[in-house]
Amino acid sequence: MEGQVATAPAERLARLVNESSSTVALTGAGISVPSGIPDFRTPGTGMWEKVNPLEVASIEAFHGDPARFWSFYRPRFAALADVDPNPAHDVLVELERGGLLEAVVTQNVDRLHRKAGTERVIEVHGSIDSASCTSCGASWKLEQVEGLFDDDGVAVCQCCLGLVKPDVVLFGELLPEAAIAEAQSLAASADLLLCIGSSLEVHPVAGLPELTIAAGGEVAIVTQGPTPYDDVAAVRMSGDVVEDLAAVLAASSSSPDA
Ligand code: ZN
């Protein structure tokens, strides 16, 4: 009995994945931690313990003191540009290629799901992949933004001299409507919502498991630390995200249902 406990959740989750006709993954910072990106909600390592997010990462801060905003974000973006996906991202690519995963909805702005090769990614908090002029809407890829900085360290539009802002959702900003609507519709029609590396506390993703459950679907959670949905989850895994997902993939491919 005791011996089976360690592998049972992976097998149960694999069976759910194999039986589901629509599985949607919902990912948060925890899936990117093995890539070396710190989870800002983790006590002790979180970057918001050293800096007040409202002072640097809000839309007010961006407009009020763009030089300070960029002094925080510029090195961070440069570091993120070189980060690679990890095997947890790869498991979701495998599931999608095998027809077992409909889409990935992510809170992460690090673009690692796309880099890994997932085709359908919905980024509900935007992405560092591009930056846009707040005046005329002109857009640049992350790799081009470095060429837009003036002597004060502010990214300036080459067309109209307006302020260029990364296409990530800052504190105090509205969420991207189309992405949210797509995420909600996917969650509501999913047989299985596979939540990975998210505390499920930040809206809008905090409300997605509820949509799945209300429509008769199941929720599975692969996340270290508590979430508001732990009691209603069909499967709950809380180990190393790479090991947990690898175990699920292995069990899924070896299952007779696969
Ligand atoms: Zn412009």
### Task
Quick one: what are the phi-derived ³J(HN,Hα) couplings along segment 214-228, Karplus 6.51/-1.76/1.60 with θ = phi - 60°, whole Hz, x for glycine and proline?
4, 8, x, x, 10, 10, 10, 10, 10, 7, 7, x, x, 9, x
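Report the Stokes-Einstein translational diffusion coefficient (µm² s⁻¹, integer) for segment 67-122, Rh taken as the Kirkwood radius over Cα pairs, at 25 °C with viscosity 0.890 mPa s. Mind dumping the intermediate values first?
Numbers: Rh = 12.5 Å.
So the translational diffusion coefficient is about 197 µm²/s.
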### Task
Answer with one residue from ALA187, VAL124, SER22: the one whose Cα lies farthest towards the positive end of the charge dipole of the chain, charges on Cβ with Lys, Arg +1 and Asp, Glu -1.
VAL124
### Task
Can you tell me which of 122-131, 223-232 comes out highest on packing, and rank the rest after it, using the mean Cβ neighbours within 10 Å?
122-131, 223-232
### Summary
Rounded to the nearest 10, the angle in degrees between the Cα long axis of helix 8-19 and the longest principal axis of the Cα atoms of the chain comes to 80 degrees
### Query
Once fully extended, how much extra length lies between ALA8 and GLU146, figured as 0.36 nm per residue of separation less the alpha-carbon to alpha-carbon distance?
44.8 nm
#### Entry: the chain: angle of helix 66-81 to the longest principal axis, Cα-based, in degrees nearest 10
40 degrees
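Counting only DSSP beta bridges with both residues in the chain, what percent are antiparallel, rounded to the nearest 5? List each step's numbers first, then the result.
Working: 9 of 30 bridges.
Bridges in the chain are about 30 percent antiparallel.
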### Message
If I model a spin label at ALA188 and ARG76 as a point 7 Å from the Cα along the Cα→Cβ vector, what separation in nanometres do I get?
### Response
3.3 nm
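Fully extended, how many nm does the chain gain between ASP230 and ALA214 (0.36 nm per residue separation, minus their Cα-Cα distance)? Intermediate results must be reported in sequence, preceding the final value.
Values: separation 16, 0.36 × 16 = 5.76 nm, distance 1.59 nm.
Stretched fully, the ASP230-ALA214 segment lengthens by 4.2 nm.
With r as the distance between the Cβ atoms of ASP65 and CYS136 and R0 = 30 Å, compute the FRET efficiency 1/(1 + (r/R0)^6) and round to 0.05. Show your work: numbers first, answer last.
Values: r = 22 Å, r/R0 = 0.73.
Result of the calculation: an efficiency of 0.85.
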### Summary
The set of residues whose placed amide H lies less than 5 Å from the amide H of LYS165, leaving out same-chain residues fewer than 5 positions away, is SER132, CYS133, THR134
### Query
What's the angle, to the nearest 10 degrees (0 to 90), between helix 177-189's Cα axis and the longest principal axis of the chain?
0 degrees
### Message
Can you tell me the mean projection area, over all orientations, of the convex hull of segment 57-201's alpha carbons? Units nm², please.
### Response
9.4 nm²
### Query
Along the three principal axes, how long is the chain when you take its alpha carbons, biggest first, rounded to the nearest angstrom?
65, 35, 29
### Message
Quick check on packing: order 100-108, 179-187, 58-66 by the mean number of other C-beta atoms within 10 Å, highest mean leading.
### Response
100-108, 179-187, 58-66
#### Entry: Equivalent ellipsoid semi-axes, segment 126-258, via Cα gyration tensor eigenvalues times 5, rooted, Å
39, 18, 14
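Each reported figure results from applying straightforward, stated rules to the coordinates on display, with no laboratory input. Since this is a predicted model, take the numbers as computed values, not measurements. All Cβ positions, glycine included, derive from the backbone under ideal geometry; neighbour counts span all protein chains shown.
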